[in-house]
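Heads up, the thing below is written out as structure tokens.
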Amino acid sequence: MSDRYSAWLYESSSYNFYERICNPDLINCWAGAEVEWSERVLARYMGSSFRTISNLTVDECKLACMQAKENFRCISIDYVRQDGYCYLNGRST
């Protein structure tokens, strides 16, 4: 992992970490259509997750992050491949 991720991520055999990459030229990156995702396989965010949802595909988890209406901006997700657990994170690396 690069230095950017090493402070906030740790290795995990069950998780994949995804971070939203927003183009700074977009007016509303949070709407979702133009958002790209970076992926770190076998890694998990070390901070607290804001919300946990079960039984989702990774694409459904990403969509849940983009559509989050709570008082935070979902910036990244942790996804458990074996059981479809989706952790929405309000902070990114």
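The values are calculated or read from the model by the stated rules, or taken from the named source; none is laboratory data. Remember, predicted model here, so these are calculated numbers, not experimental data. Note that we place each Cβ from the backbone using ideal geometry, even for glycine, and neighbour counts take in every protein chain shown. In case anyone asks, the SASA skips ligands and DNA or RNA and just uses the protein heavy atoms, side chains included. Shrake-Rupley method; radii C 1.70, N 1.55, O 1.52, S 1.80 Å.
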Which residues' amide hydrogens lie under 5 Å from the amide hydrogen of Ser12, considering only partners 5 or more residues apart or on another chain, with H built in the peptide plane?
Ala43, Arg44
Just to verify a number: FRET efficiency for Ala64 and Cys22, C-beta to C-beta distance, R0 = 25 Å, to 0.05?
0.90
Val35 versus Ile53: modelled label distance in nm, points set 7 Å from Cα along the beta carbon direction:
1.0
With every protein chain kept in place and ligands, DNA and RNA left out, what is the accessible area per residue of the stretch 37-93? Probe 1.4 Å, answer in Å².
56
